[in-house]
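One structure below.
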Amino acid sequence: MSREIFVVPAFGQGHLLPCLELCKHLAASLNFKIVLVIFSDLSSSIPASLRHENPLIEVAQIQSPPQSFSHPFHKMHNDQIQLSLGLESLLSSRTQSLPVCAIVDVLLVMGWTSQVFKKFQVATVGFFTSGACSTAMEYATWKAHPIDLKPGELRLIPGLPEQMALTVSDIKRRPHGGPQGGGGVGGSKKFGPPNPGERPPWVDDTEDSIALIINTCDDLERPFIEYVANEIRKPVWGIGPLLPQKYWESAGSILHDREIRSNRGSTVTEDQVMDWLDSKAERSVIYISFGSELGPTMEEYPHLAAAIEAWTGPFIWVIQPGSGRPGPPGTVKAEEGYFPHGLDKKVGERGLIIRGWAPQLLILSHPSTGGFLSHCGWNSTVEAIGRGVPFLAWPIRGDQYYDAKLVVSYLKMGYMVSDDMSKMITDDNVIQGIHRLMGDDEVKRRADIIRSKFVHGFPASSLLALGAFKDFINQRLA
């Protein structure tokens, strides 16, 4: 058996980038050859210097499928078939030197690729690019099946912290027009995370896996890592957060996005954002961003704009093209989204409205930033936690609700935008939340304590987990 490990990400940049960072850590810690398997259309996202800097990393490309499907379910189905065929061809060419295992992203691809790897008798390790809390809470909510929860009732989950007791808000959520729920390919999969109480797809997808890796660390989520390990009765390691090395090297200083990421189209330059932030008082700015895929509804955006106008402090508001319109990313025309025309003139220099890409790492690491109104996607969540920025959490779908619960209830470094997420968010919810967050010194102190855990770089507990994974693999080779 060879000393190779395959790493197979799910489709899209949001899954490729954590997998790429995982490859770097595996190559440095295990001294194994790491083969990153990607579609050819993602090759431009791989830094040209990767192989020179990491000679143990190989990028194996599978021909991208033709873009002939506009519906997300059909496209996903087509991508899965193409990936399976490409993997089978790749493994067939290496029958004399098959990998010791394959680390496979559990979202979308685990069930399909595991069958291919099983055919070649290659063991699989499930990889979650999201956090351990969302993984544990999906599982726990499915097992608890709390359909009879009443308003005001708390239902403790054996094995999880008391702060994570289930409430009505955890299971009654306002439907969103984006790609959540609905019948997946063949009626057996969902496009997106499970709804509360449903059996998580990853439970079946990882049944034959020998272990799990989660993009997190003990310092943030140890009880949740242990809960998943106890429930599935397999080794589970927290190896993360899988952020770029420059993020860890710049702890305590301002990080410039241009050193890591390319500007993908914006109404501002990074230098303009830097100059604007430099003009503001320490911890006075509320940063508002919902990521690139989903955000509030068209009905909620005017409420958000009204709240921002009513608040008298400085803010940065990032609005993505097509914001507020239902539908999967890339299917909505930019001009159809919401934009608060006239707000910039009303607020003057105290507001910076960005349409498109924003230098988030710069904003979060700048001392003027004092709060983050966020959807709590996992990448944004760990980026802000590591910089000590408290949250006003406005989750939109799926695992974001559990990320928000982690931040608000367990880490205690923020607030929910509303106590009842089953109702439309109003300007009163937002303005009260901003005032509460920005005026709470205890939340800021708590955020600073948690940030201090990461001032020395990539978490020591994650390095220990890499060592444990290495021992596990070497035992299989013995």
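The values are calculated or read from the model by the stated rules, or taken from the named source; none is laboratory data. Quantities reported herein were computed from a predicted structural model and do not represent experimental measurements. Positions of Cβ are backbone-derived with ideal geometry, glycine not excepted, and every protein chain shown enters the neighbour counts. When the accessible area is computed, the model is the full protein with side chains, heavy atoms only, and any ligands, DNA or RNA have been set aside. Shrake-Rupley method; radii C 1.70, N 1.55, O 1.52, S 1.80 Å.
Hey, can you list the DSSP H helices of the chain whose Cα span along the axis is 24 Å or longer and whose average Kyte-Doolittle score is at least -1.0? Membrane-span-like by this criterion, though nothing is claimed about a membrane: 13-30, 72-92, 460-477. Other residues whose C-beta falls under 14 angstrom from the C-beta of SER368 contribute a net charge of +1, scoring Lys and Arg +1 and Asp and Glu -1. For VAL430, the accessible area of its heavy atoms, probed at 1.4 Å with every protein chain present, is near 0 square angstrom.
Positive contributions from Lys and Arg (+1) and negative ones from Asp and Glu (-1), summed over other residues with Cβ under 12 Å from the Cβ of VAL430, come out at -3. Across the chain, Cα pairs under 8 Å and at least six residues apart give a relative contact order of 15 percent. Summarising the strand pairing of the chain, around 5 percent of its internal DSSP beta bridges are antiparallel. Of the residues ALA358, GLY14, PHE472, the one whose Cα sits farthest towards the positive end of the charge dipole of the chain is PHE472 (charges of +1 on Lys and Arg Cβ, -1 on Asp and Glu Cβ, taken about the Cα centre). Here LYS143 is the anchor, and the aspartates and glutamates within straight C-alpha reach of less than 13 Å, apart from those fewer than 8 places off in the same chain, are GLU198, GLU231. Close amide H pairs (under 5 Å, H built 1.01 Å from N) link VAL7 with VAL35, LEU36, VAL37, ILE103, residues at least 5 positions away or on another chain. For the set LYS118/LYS453; LYS405/LYS453; LYS24/LYS412; LYS24/LYS280; LYS150/LYS453; LYS24/LYS118, the pairs lying more than 28 angstrom apart at their alpha carbons are LYS118/LYS453; LYS24/LYS412; LYS24/LYS280; LYS150/LYS453.
Can you find, among HIS435, HIS341, PRO151, the residue sitting farthest towards the positive end of the charge dipole of the chain, where Lys and Arg contribute +1 and Asp and Glu -1 at Cβ? Checked the options; the winner is PRO151.
The 3J(HN,Hα) values that the Karplus relation (6.51, -1.76, 1.60; θ = phi - 60°) gives for the stretch 336-347 are, in residue order, 8, x, 8, 8, x, 4, x, 5, 4, 6, 5, 8 Hz. Gly and Pro appear as x. Less than 5 angstrom separates the built amide H of GLY322 from those of GLU336, GLY337, TYR338, all sequence-distant by 5 or more or on a different chain.
Please state the shape class of the stretch 252-453: rounded when a/c is under 1.5, otherwise prolate if a/b exceeds b/c and oblate if not, all from the C-alpha gyration tensor. Please list the in-between numbers first.
Numbers: a/c = 1.29, a/b = 1.09, b/c = 1.18.
Rounded, since a/c falls under 1.5.
Computed about its Cα centre, the charge dipole of the stretch 212-315 is approximately 320 debye, with only Lys, Arg, Asp and Glu carrying charge at their Cβ. Solvent-accessible area per residue in the chain equals 42 Å², computed with a 1.4 angstrom probe and all protein chains kept.
Give me the dipole magnitude in Debye, nearest 20, for the stretch 252-453 about the Cα centre, with unit charges on the beta carbon: positive for Lys and Arg, negative for Asp and Glu. Kindly include the intermediate steps, with their values, before the conclusion.
Numbers: 22 positive and 26 negative charges, 68 e Å.
The dipole magnitude comes to about 320 debye.
In plain terms, if you count all Cα to Cα distances in the chain and split them into 10 Å steps from zero, the share in each step is 4, 20, 31, 28, 14, 3, 0 percent. Projecting the Cα positions of THR113, ASN215, ILE260 onto the charge dipole of the chain (unit charges on Cβ atoms of Lys, Arg, Asp and Glu, taken about the Cα centre) puts THR113 furthest along the positive direction. Which of the aspartates and glutamates could be linked to LYS346 by a straight reach, that is with a Cα gap under 18 Å, when you skip same-chain ones fewer than 8 residues away? Straight-distance partners of LYS346: GLU309, ASP427.
The distance from the alpha carbon centre of the stretch 269-283 to that of the stretch 393-417 is 27 Å, rounded to a whole number.
How big is the dipole moment of the chain about its Cα centre under a simple scheme where the beta carbon of each Lys and Arg is +1, that of each Asp and Glu is -1, and everything else is neutral? Debye, nearest 20, please.
Numbers: 45 positive and 51 negative charges, 127 e Å.
It comes to approximately 600 debye.
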